[in-house]
Structures are given as C-alpha cells and as structure tokens.
1. Consider LEU193 carefully, then state whether it is touching a Ser or Thr at 6+ places or on another chain (Cβ under 7 Å), under 14 Å from GLU219 (Cβ atoms) and hydrophobic (A, V, I, L, M, F, W, C).
2. Right, ARG146: open to solvent by 30 Å² or more (accessible area, probe 1.4 Å), in contact with a Leu (Cβ under 8 Å, 6 or more places away or on another chain) and over 27 Å from ASN56 (Cβ atoms) or not?
3. Which ones in the stretch 95-126 are closer than 9 Å to PRO151 by Cβ and in contact with a Pro (Cβ under 8 Å, 6 or more places away or on another chain)?
4. Out of the residues in the stretch 52-88 that are part of a strand (DSSP E or B) and under 16 Å from the mean Cα position of the chain (by Cα), state the one that is nearest to PRO151 (Cα to Cα).
5. Would the stretch 198-207 turn up any residue that is crowded, with 18+ Cβ neighbours inside 10 Å, within 16 Å of the ligand (Cβ to nearest atom), at pLDDT 85 or above and of a type in the set (Val, Ile, Thr)?
6. Of everything in the stretch 293-335 that's more than 15 Å from the ligand (Cβ to nearest atom) and open to solvent by 70 Å² or more (accessible area, probe 1.4 Å), which residue is modelled with the highest pLDDT?
7. Of everything in the stretch 213-242, what is of a type in the set (S, T, N, Q), modelled with pLDDT of 95 or more and surrounded by fewer than 22 Cβ atoms within 10 Å (Cβ to Cβ)? Give them in sequence order.
8. Can you spot a residue in the stretch 46-65 that is in contact with a strand residue (DSSP E or B) (Cβ under 7 Å, 6 or more places away or on another chain) and within 14 Å of LYS173 (Cβ to Cβ)?
Amino acid sequence: MENILEISDLRVHYFSNRKTVRAVNGLSMGMEAGKVLGLVGETGAGKTTLALSILNMVRAPQGKIVEGSIRFAGADVLAMGKRELRDMRGKDVAMIFQDPMTALNPVLTVGEQIAETVRKHEELSIEDAWKKAQAMLETVGIPADRAKEYPHQFSGGMKQRVVIALALACNPKLLLADEPTTALDVTIQAQVLDLMRKLIRENGTSVLFITHSLGLVAENCDEVATMYSGEIVEYGTVDQVFGKALHPYTQGLFGSLPDLSAATDRLKPIPGLMPDPTALPKGCFFCPRCPHAMDICAKEHPADVDLGGHRVKCHLYAAAGAAKGAASAAGRRAE
Ligand code: SF4
C-alpha cells in the first residue's frame, strides 16, 4: 500500500538565548494509508514538534525546520503556500490536542465552530453546514440540540468529543492525535478511545497517535515508533515490537510498566534523564542511560538497522543488519 506520509531526514531547531534546542534530529519515517501508528516516548522527546512539523506549523522565529522533507499524499508540505496549507489543515490533516480548550473557541457555540470549519473546506450553505455540525455531534454521542451551547457548558470528556467531531467533520485523510485522552479520567478515556476507533475504522482515516502509554498503543495501533531525543530509535508492527522490543530504550519503557502479576510494589524507572537538547552527545543519544553501552556507542552515532521491517537504531544490531543485508543481496543475485 502507498504511504500517505513520507518524512525524510527532518531536523527542527528552536533558537533561544544564543542556544539551539535540537528538537528533531534527522528523523525519517513513512506511514501507510489507513494505518494507526503509535508514537511513544517521554515528554521532551520531540513528539509534538514532529506533529506540528507535519502541519508546517512550527512557529518562527524561535522554531525552524532547518532540513529535510515532508510529503503528504505525494505533495511537498514544506513548499506549500499559505492557501495550500490552509486547505490541507483541518480538511486533509486534522489534529486533536491533549487540552480540548486549545482547539475550541470559548466565545462561539460548538455548532458554530464545527459549521465554520465545514464551510471553510466544503461548499455548503449556512443551514446545511449547521445540519452537518449537528449530525457530527450526534456521531460522537452528543444530542444535536446541544450545538447551541458554548464549550464551558460541556464536561472535559464531552469537550474532547466535540474536538473529535470538529477534527473529523471534513473526513480528514490523516489525523494527528496528540495525547488525546491524557486529561480525561479513565472511564471517559475508554469511551473517547472507543469512539475514535469506530470513526477511524468507518472513514479509513490514517492516524498518528502520540502517547506515552504503551497500553494505549497495544489496544489502538497497528504500528509503533519509539522516539528519543528527536529520533525514531525503533519502528515496527505492534506484534514485532511487543513480541520482542529491540532497542534498550524501548525495553526500558516496557520494564517501567507496572507488572500486576509480580510481587513488587515499585516500577523500575529508566535511570537518568534524556540528554540536554542544546548539547546532545556525539555518539548514541541514549548512551549515558544504556545498560548495554559499548565503547563505540559514545563515539559513533548509530545508523538504522532494518531487520525485516523491524527497524532499530542501535550498534548492538549492526552485525545482524549487515548479515540480513548480505543475505537479501545474495537472494537477489540468485533470482
Ligand atoms: Fe545502548 Fe549502544 Fe544501542 Fe545506544 S547504540 S542503545 S548505547 S547499545
């Protein structure tokens, strides 16, 4: 299947007080149409910056995409003019933020906000756009007559449902969901995720699901990417990564999950902190925290190793990757 999103060698920096924060560092990835990709990692790993980059919304002058390319449905996002970007945002690519109030305007009714978004991208009369807004609210389980109400009249979970209705109103091809349920309590979280899954399945929407929860990835995603210090350090299907996590950082994330069957009352957090993004180490960014670090790790930045579609950025697998590459080259010669 073709990729709806292709990112290659993306670098995003923020400039402040004569320091450069290297938020995204040579990141390359592709997303297949119709798939749900879970992007996991700690706060500060660059996950939200990546999502904003896909919408070309990294704010100048502090933030800047300094290198790389982003192609959405074959179009070069970084070369788009204002009009093309406006058409793409909200219609083809929509975003759900952690805090619903980031997306909602407190002085407009929720119906007006959805109708306005629909009219920006579709040629509908005011009445038809209003009807569509009401229908979208009903799709997310909110009675149509509540379209006349303002955001503050809704609870947290209901507000996030409104945001989902707003994001999906124009039937986007790609949805960027940035910790969409973190601010909600657990029961509401489950309801909102069920609803998102249903709508995504019905519409065939591709989703980049940003979260720090491996549990949510297991339940909701087809593929998973682990992000660390602005890089994707591991990428594979949920079966591959949950079956056998390869990167020591992903292994650490699994190790820090509570194990209800084990006789322990403590989590095992990954020791240490992510490196200062204004002074990243020369070799592997995870080296200072890695229990398997070798001499080469502090000197050379690891390259991606592809082990049958399960990719990992780690020196531990260099030999396995080279053997796999040689075997497939020999196979091609024999054909
Ligand atoms: Fe650890 Fe070295 Fe792999 Fe980095 S490259 S994760 S330091 S083993």
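The values are calculated or read from the model by the stated rules, or taken from the named source; none is laboratory data. None of the values given here were measured: they were computed from a predicted structure. Note: ideal-geometry Cβ built from the backbone for every residue, glycine included; neighbour counts use all protein chains shown. Note: areas computed on protein heavy atoms with side chains; ligands, DNA, RNA excluded. Shrake-Rupley method; radii C 1.70, N 1.55, O 1.52, S 1.80 Å.
1. Values: touching a Ser or Thr at 6+ places or on another chain (Cβ under 7 Å): yes; under 14 Å from GLU219 (Cβ atoms): yes; hydrophobic (A, V, I, L, M, F, W, C): yes.
Taking the combined requirement at face value, the residue satisfies it.
2. Numbers: open to solvent by 30 Å² or more (accessible area, probe 1.4 Å): yes; in contact with a Leu (Cβ under 8 Å, 6 or more places away or on another chain): yes; over 27 Å from ASN56 (Cβ atoms): yes.
So ARG146 passes the test.
3. Those that are closer than 9 Å to PRO151 by Cβ and in contact with a Pro (Cβ under 8 Å, 6 or more places away or on another chain): PRO100, MET101, LEU104, ASN105, PRO106, VAL110.
4. Taking the stretch 52-88 first, the residues part of a strand (DSSP E or B) are 63-72, 75-76.
Filter once more, keeping what is under 16 Å from the mean Cα position of the chain (by Cα): 70-72.
On the way: ILE70: 34, ARG71: 34, PHE72: 32 Å.
Looking at the filtered set, the residue picked out is PHE72.
5. Within the stretch 198-207, the subset crowded, with 18+ Cβ neighbours inside 10 Å is 199-200, 205-207.
Retained after the next criterion (residues that are within 16 Å of the ligand (Cβ to nearest atom)): none.
No, that holds for no residue.
6. In this case the residue turns out to be ASP306.
7. Looking only at the stretch 213-242, we keep the residues that are of a type in the set (S, T, N, Q), and these are 213, 220, 226, 229, 237, 240.
Now narrow it down to the ones that are modelled with pLDDT of 95 or more: 226, 229, 237, 240.
Of everything in the stretch 213-242, those that are of a type in the set (S, T, N, Q), modelled with pLDDT of 95 or more and surrounded by fewer than 22 Cβ atoms within 10 Å (Cβ to Cβ) turn out to be THR237, GLN240.
8. Step one: of the stretch 46-65, the residues in contact with a strand residue (DSSP E or B) (Cβ under 7 Å, 6 or more places away or on another chain) are 46-51, 53-55, 58, 62-65.
Then drop every residue that is not within 14 Å of LYS173 (Cβ to Cβ), which leaves 54-55.
Yes, the stretch 46-65 contains at least one residue that is in contact with a strand residue (DSSP E or B) (Cβ under 7 Å, 6 or more places away or on another chain) and within 14 Å of LYS173 (Cβ to Cβ).
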